[in-house]
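Visitor: Before I ask anything, here is the structure I am working with.
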Amino acid sequence: MRIAFAWEWGSGSGHIMRFSPLARQAIQDGHQLTLIVRDSKRTRNLLSTYQLNHANISVIESPAWPRCPRDQLRLPNCLSQIAWNLGFFDQTATNQQIRWWRDRMHELRPELVVQDFGVTAGLVAWTLGIPTLRIGTGYTCAPRTEIPASIPALSDVSSDSHTTTNQSAWESLRERIRTGCQTNDLNPPDRWHEIINGCEEDRIATVALLDPYAPVRPNARYCGVWPAASSAMNRSDRWATAIAYLKPFPAWELFFSALRQCGVRVDLVPDGVDASLLRTCDPAWVRVQDRFVPIEKAAQNQRHLINNGNHGTSALALLSGMAVITCPLFLEQRLTADAIETAGLGLRVNLHRPKNFLQRLDEAFGSNAFTENARHFSTSQRQLFLNAAPNRLTLAKC
């Protein structure tokens with residue numbers, strides 16, 4: 001079977017990490033994979049790390065969308081408005097993207113499209129009658145409803161003005177898509193579940209706690225989370241109090257200074273952090289890792305994870321009994337961070353308020369309550385949702 005994996009939006013390693021066990025099994029089953037991805041360099045590096053370099057896997061980089069001007073940004077309280085902000089605000093770009101994905105579908109002739117974060121590949125697949133299966137977090141896999149469902153934490157769902165605004169935004173997005181399809185000789189989808197496509201076999205790779213749509217997602221089936229297919233493990237011992245997976249941010253030096261004042265030693269796994277910024281970390285308190293340290297390895301020795309609120313590492317840490325201190329940069333990360341703090345499983349540190357770093361970090365590391373709560377969470381959820389990756393891609397219910 002010819003399978004196309006489509007990752008259009010977002011950054012980081014989680015998109016490929018999440019798909020890697022399915023990719024491995026697909027290759028073993030004799031399928032041909034084309035990975036159409038936002039970051040081809042990172043993808044090729046990860047395929048090498050996971051020992052997934054194979055003649056039956058090819059990589060294509062998807063085209064970038066233009067950045068939305070501030071005056072056209074919309075409140076991102078549902079995936080349709082997020083889609084608008086991430087590129088559909090621009091009709092010319094929408095036409096070009098739909099054309100590009102249409103041409104790739106004609107060229108590759110996939111028998112199944114696996115849609116990661118994005119909607120263009122899925123809606124083009126729908127117009128061509130190609131089965132589509134979605135894979136992603138609760139945030140990226142919105143409910144398959146006739147009109148877009150709002151994220152409850154970001155919406156006053158009882159407000160008439162909210163309903164009117166959402167309806168207007170949905171109609172604007174649908175018009176962009178209709179024009180883009182007609183411009184490219186495609187029959188346009190009309191309903192939201194046709195645009196996001198997907199099927200009963202969608203892989204919602206999360207747990208209910210971290211699904212922002214959970215209150216409005218009927219009959220949800222969560223697949224949980226799983227580590228990458230196979231990767232080299234760096235060392236992890238009891239030297240550090242916490243393991244940190246972090247991207248760079250403006251108050252970096254102040255953050256690590258506050259950790260030092262709290263007496264917290266850190267094993268740091270940097271992501272895109274410049275060497276000059278890494279040199280500001282005191283080696284007596286921060287040990288920079290030269291490659292990825294899997295959560296399941298770190299959990300054997302550390303009780304705390306520090307990250308940017310990345311969904312995959314947060315979920316793996318909680319299911320491994322680790323408290324999570326989040327420093328979110330983006331919307332999905334803020335939703336993940338708020339869910340963790342509300343559940344008493346960790347704390348959120350606001351990176352825009354460096355004066356509060358010491359207080360928040362002292363609270364996070366000065367009590368065993370978060371770790372104990374995380375252990376209870378792990379006890380109740382681990383067996384159901386850890387290492388339960390669906391091992392095959394199927395057309396059965398797509």
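Visitor: Which residues, counting only those in region 289-299, are open to solvent by 60 Å² or more (accessible area, probe 1.4 Å) and either out of contact with any Ser or Thr (no Cβ under 7 Å at 6 or more places or on another chain) or of a type in the set (Val, Ile, Thr) (or both)?
Guide: Passing the criteria: 290, 291.
Visitor: Right, another one. With the requirement that a residue be assigned to a helix (DSSP H, G or I), open to solvent by less than 10 Å² (accessible area, probe 1.4 Å) and in contact with a helix residue (DSSP H, G or I) (Cβ under 6 Å, 6 or more places away or on another chain), what does region 123-153 give you? Write out each step before concluding.
Guide: Of all residues in region 123-153, those assigned to a helix (DSSP H, G or I) come to 123-128, 152-153.
After this cut, where a residue has to be open to solvent by less than 10 Å² (accessible area, probe 1.4 Å) as well, the list is 123-125.
If the condition is that a residue be assigned to a helix (DSSP H, G or I), open to solvent by less than 10 Å² (accessible area, probe 1.4 Å) and in contact with a helix residue (DSSP H, G or I) (Cβ under 6 Å, 6 or more places away or on another chain), then 123, 124 are the ones that fit.
Visitor: Could you tell me whether region 175-192 includes any residue that is at pLDDT below 95 and within 12 Å of residue 148 (Cβ to Cβ)?
Guide: For region 175-192, residues at pLDDT below 95 and within 12 Å of residue 148 (Cβ to Cβ): present.
Visitor: Under 7 Å between Cβ atoms, at least 6 apart or on separate chains: pull out the pairs that start in region 97-121 with a residue that is at positive phi and end on any residue that is open to solvent by less than 40 Å² (accessible area, probe 1.4 Å).
Guide: Cβ pairs passing all conditions: 118/6; 118/7; 118/8; 118/9.
Visitor: Let me ask another. Hey, residue 343 hits all of (1) within 22 Å of residue 152 (Cβ to Cβ); (2) modelled with pLDDT under 95 but one; which does it fall short on?
Guide: (2)
Visitor: Also, I was wondering about something else. Which of the following residues is closer than 24 Å to residue 197 by Cα, within 20 Å of the chain's Cα centre (by Cα) and open to solvent by less than 10 Å² (accessible area, probe 1.4 Å): 86, 35, 75?
Guide: Result of the check over 86, 35, 75: 35.
Visitor: With respect to residue 239, determine if the residue is touching a residue at least 40 places away in the same chain (Cβ under 8 Å), open to solvent by 60 Å² or more (accessible area, probe 1.4 Å), under 22 Å from residue 374 (Cα atoms) and aromatic (Phe, Trp, Tyr).
Guide: Yes; evaluated as a whole, the condition is true for this residue.
Visitor: Which residue out of 104, 74 is within 27 Å of residue 173 (Cα to Cα) and not in a helix (DSSP H, G or I)?
Guide: On inspection, the qualifying residue turns out to be 74.
Visitor: Could you please find all residues in region 230-242 being modelled with pLDDT of 55 or more, in a loop (DSSP other than H, G, I, E, B) and among the hydrophobic types (A, V, I, L, M, F, W, C)?
Guide: 239, 240
The values are calculated or read from the model by the stated rules, or taken from the named source; none is laboratory data. None of the values given here were measured: they were computed from a predicted structure. Note that each Cβ is placed from the backbone with ideal geometry, even for glycine, and that neighbours are counted across all protein chains shown. Just so you know, the surface numbers come from the protein's heavy atoms only, side chains and all, with ligands and any DNA or RNA stripped out. Shrake-Rupley method; radii C 1.70, N 1.55, O 1.52, S 1.80 Å.
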